[in-house]
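What follows is a set of notes on a single structure, which appears directly below.
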Amino acid sequence: MQPYVVVCGAAVLFAVLLIIRMRLTRSFGGRTVSGIEIGNGQTIGSRSEQDDYFASMTTPVGTLAVVADGISGLENGRMSSTLAVTTFTKAFAKLEDASNLNAYFAGAAAQSNRGILQNLNGQGGGTTLAAVIVRGYQLYYGAVGDSLIMIYRNGHFKTVNSKHTAETLLEEQVLAGHMTSEEAKTSPVRNQLVNYLGYEGFESMELGAAPIRLYAGDHVLLCSDGIQEALTEIELEEIMRQGGTPQEMADTMIDAIHNKGFKSQDNATVIILAIG
């Protein structure tokens, strides 16, 4: 009986240590065991409720960061974003095989969509979502809606995912000669989402065909649309060029938004991962 007890005790101890490790690496504004430093910033803006939700965590598979923006103007936006992020983090915590991370993204998205629709029960709601996994120097991603994933490298941004809004459809109409560029720019449905979680017609999220190579000194940003609506790419680049920790950069972005004082400022959230 003694060897059995020793083995069981060791297994329990290992499980406890693993849980402690995961809890420690879920914290924001610090360096994870993988050497990735993480910062975050958020503002409610002029809204009455914070519909953005976000999280990050590190496991043996890699480092996950996820941002979701509950759809403004619809009820249950906060529920939708919270449920989606929670679903993604719980699924990632259980993930042991890193051979098919796109399957993880697709599965978590489908589960989130089902859960949100069940909770909505016919009411309005939904959320965008942008998620990345950094494993070594490889970036894997999944996105739906208009929250953006960007890589800051050598003083400039590279946008990773596309926006799932009517803007893309309008641009196709312009290219086909069915409307003018000015008509597309001023269209009242330009920013309307055409794909999101909590949508009856949701089929899949955008996934990277292959992992993106990262380099030491790169910064990966996940932003809800409240960031891009308030700060131009030039302003964001200027903030990044000032240097500092990811937390200092994120704080500076939120301060810059507050300083502009827009009366219709949306919820805004940013996560910054510095690749060491």
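The values are calculated or read from the model by the stated rules, or taken from the named source; none is laboratory data. Please read all numbers here as calculations on a predicted model, not as lab measurements. Positions of Cβ are backbone-derived with ideal geometry, glycine not excepted, and every protein chain shown enters the neighbour counts. We work out accessible area using only protein heavy atoms, side chains counted, and drop any ligands, DNA or RNA first. Shrake-Rupley method; radii C 1.70, N 1.55, O 1.52, S 1.80 Å.
Taken over the range 94-107, the residue count meeting the criterion of being over 13 Å from residue 132 (Cβ atoms) and crowded, with 16+ Cβ neighbours inside 10 Å is 2. None of 119, 113 is touching a Phe, Trp or Tyr at 6+ places or on another chain (Cβ under 6 Å) and surrounded by 14 or more Cβ atoms within 10 Å (Cβ to Cβ) except 113. What do you reckon, is residue 173 in contact with a Ser or Thr (Cβ under 9 Å, 6 or more places away or on another chain) and open to solvent by 60 Å² or more (accessible area, probe 1.4 Å)? Considered against the rule, which asks whether it is in contact with a Ser or Thr (Cβ under 9 Å, 6 or more places away or on another chain) and open to solvent by 60 Å² or more (accessible area, probe 1.4 Å), residue 173 comes out as no.
In a residue-by-residue description of the range 55-67, the property of being under 23 Å from residue 255 (Cα atoms) and free of Cβ contacts under 8 Å to residues at least 40 places away in the same chain applies to at least one position.
Figure legend. Inter-residue proximity from the range 224-241: first residues under 22 Å from residue 53 (Cα atoms), second residues part of a loop (DSSP other than H, G, I, E, B) and among the hydroxyl-bearing types (Ser, Thr, Tyr), beta-carbon distance below 8 Å, spacing 6+ or different chains. Indicated pairs: 224/147; 225/147.
Can you tell me how many residues in the range 232-248 are among the hydrophobic types (A, V, I, L, M, F, W, C) and within 20 Å of residue 162 (Cβ to Cβ)?
Of the residues in the range 232-248, 1 are among the hydrophobic types (A, V, I, L, M, F, W, C) and within 20 Å of residue 162 (Cβ to Cβ).
For the range 239-265, the candidate set comprises residues that are in a loop (DSSP other than H, G, I, E, B) and within 17 Å of residue 153 (Cα to Cα); within that set, the residue that is least open to solvent (accessible area, probe 1.4 Å) is 243.
Tell me yes or no: at least one residue of the range 180-199 is in contact (Cβ under 8 Å) with a residue 12 or more places away in the chain, more than 29 Å from residue 45 (Cα to Cα), surrounded by 12 or more Cβ atoms within 10 Å (Cβ to Cβ) and within 22 Å of the chain's Cα centre (by Cα). No - not one qualifying residue is present in the range 180-199.
Is there a residue in the range 33-50 that is over 30 Å from residue 260 (Cβ atoms), modelled with pLDDT under 95 and either open to solvent by less than 70 Å² (accessible area, probe 1.4 Å) or of a type in the set (Ser, Thr, Tyr) (or both)? Checked the range 33-50: at least one residue is over 30 Å from residue 260 (Cβ atoms), modelled with pLDDT under 95 and either open to solvent by less than 70 Å² (accessible area, probe 1.4 Å) or of a type in the set (Ser, Thr, Tyr) (or both). Only one entry in 273, 221, 236 is open to solvent by less than 20 Å² (accessible area, probe 1.4 Å) and assigned to a helix (DSSP H, G or I), namely 236. Identify, from the list 174, 189, 194, 160, the residue that is under 24 Å from residue 275 (Cα atoms) and either touching a Cys at 6+ places or on another chain (Cβ under 6 Å) or β-branched (Val, Ile, Thr) (or both). Unique residue meeting the criteria: 160.
Note on the range 59-80: among residues that are surrounded by fewer than 22 Cβ atoms within 10 Å (Cβ to Cβ) and under 16 Å from residue 268 (Cα atoms), the one that is modelled with the lowest pLDDT is 73.
For the range 122-135, which residues satisfy the criterion of being open to solvent by 60 Å² or more (accessible area, probe 1.4 Å) and closer than 16 Å to residue 56 by Cα?
Here is the first cut: in the range 122-135, the ones open to solvent by 60 Å² or more (accessible area, probe 1.4 Å) are 122-123, 135.
Within the range 122-135, just 135 meets the criteria.
Selection over the range 115-134 of residues that are more than 16 Å from the chain's Cα centre (by Cα) and touching a residue at least 12 places away in the same chain (Cβ under 8 Å) gives a count of 8.
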